[in-house]
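Participant: Before I ask anything, let me first share the structure, which is written out below as structure tokens.
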Amino acid sequence: MVGAIKLFSWIAMMEARLSSVDVNKADIQLMVELGMSADYMRALQGGTLPLPELDPLKSERSFYELTPTEIEVLRAGGAYGLDDEEDFCLVHYANLRGLIEEGRQFLSQCYDITQTAYLLQVSTDEAEALATQTDPILHTFQLGAGPWFFPRWQFIGSGTVPHLKPLLSVAGASIAPMILSRIMLSKHVDLETETTLCPRDWLVEGLDVEPVLKLMRETSSG
């Protein structure tokens, strides 16, 4: 009887958490396309969590497994409790709204192909070619078969940040767009001069590209 009460209490708590974040399948799909793991987001898809087979207060960690990169990204955004087995499900709910809002904001701040072409003073065909050639010199992505998005972090003035091409050769295809943007705009302890810099500012300052490439390789392999 006690176990049943615990189970129903747990289900009610989860349902209350889900209703409070007010997400839908389109939100979940957007986050998957922007780089969050499908398994991680699938736990919330459709409005239900799969019930743990054993103790309802201790879910199987493997189902909710995050990659090291995703854990780092979540922590950088203020997530907590990522090493706590009992609170792991609750952390998902506590951070879900912030993740979705970040994804929407990231998308809204990207340039479209017309804006990118105008910024670089090239045609839209040339802009697309620069981003989709075998060794791209622009970072772009699509959601499904939709239009091209060009993250703003790669631009400075009427051009691009230094060393963008070698950076994309390491990270462009292996790191998802939203995660790459977060990495490029987050200060990193290995990028320190008088102050700690984010990779984008490090490159803009004209500093050695190798520490940034090393960071990208480590992220890709993680």
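Participant: Using θ = phi - 60° and the Karplus form 6.51 cos²θ - 1.76 cosθ + 1.60, what ³J(HN,Hα) does each residue of the stretch 190-205 get, whole Hz, x for Gly and Pro?
Facilitator: 3J(HN,Hα) across the stretch 190-205, in whole Hz: 7, 10, 10, 10, 6, 10, 7, 10, 7, x, 4, 5, 4, 5, 4, 6.
Participant: Determine, for each peptide in 128-136, 182-190, the mean count of other beta carbons within 10 angstrom over its residues, then list the peptides with the highest first.
Facilitator: 182-190, 128-136
Participant: Whole-Hz Karplus ³J(HN,Hα) for the stretch 138-153, in order, using 6.51 cos²θ - 1.76 cosθ + 1.60 and θ = phi - 60°, x for Gly and Pro?
Facilitator: Listing the rounded values in order: 9, 9, 9, 7, 10, 9, x, 9, x, x, 7, 10, 10, x, 6, 4 Hz.
Participant: Just order 141-147, 209-215, 32-38 by mean Cβ neighbour count inside 10 Å, highest at the front, would you?
Facilitator: The densest-packed peptide leads the list: 32-38, 209-215, 141-147.
Participant: Which of Y111, Y118 has the fewest other C-beta atoms within 10 Å, and how do the rest follow up to the most?
Facilitator: Y118, Y111
Participant: For the ranges 119-126, 164-171, what's the packing order if you count other beta-carbon atoms within 10 Å of each residue, average per peptide, and put the highest first?
Facilitator: Ranked from most to least packed, the peptides come out as 164-171, 119-126.
Participant: Okay, moving on. Amide H of I156 versus every other amide H placed in the peptide plane: which residues, excluding those fewer than 5 positions away on the same chain, fall under 5 Å?
Facilitator: V161
Participant: What net charge do the residues around T132 carry, taking every other residue with its C-beta under 12 Å from that of T132, with Lys and Arg at +1 and Asp and Glu at -1?
Facilitator: Result for the local shell: -4.
Participant: How much length is gained on full extension from Q109 to D135, taking 0.36 nm per residue of separation minus their Cα-Cα distance?
Facilitator: 6.9 nm
Participant: Any chance you could run the full-extension gain for E101 through T124? It's 0.36 nm times the residue separation minus the Cα-Cα distance, nm to one decimal.
Facilitator: Going from the current span to full extension adds 5.4 nm.
Participant: Given Cα positions, please report Rg to Rh for the stretch 112-221, the hydrodynamic radius being the Kirkwood one.
Facilitator: 0.97
Participant: Rank these for me by crowding, R200, R217, going from fewest to most other beta carbons within 10 Å.
Facilitator: With the sparsest Cβ surroundings first, the list reads R217, R200.
Participant: How much length, in nm to one decimal, is gained on full extension between N24 and E194, taken as 0.36 nm per residue of separation minus their Cα-Cα distance?
Facilitator: 56.7 nm
Each reported figure results from applying straightforward, stated rules to the coordinates on display, with no laboratory input. Bear in mind that the values here come from a model prediction, so they are computed numbers and not experimental data. A quick note on method: Cβ atoms are made from the backbone with ideal geometry, for glycine too, and the neighbour counts reach across all protein chains shown.
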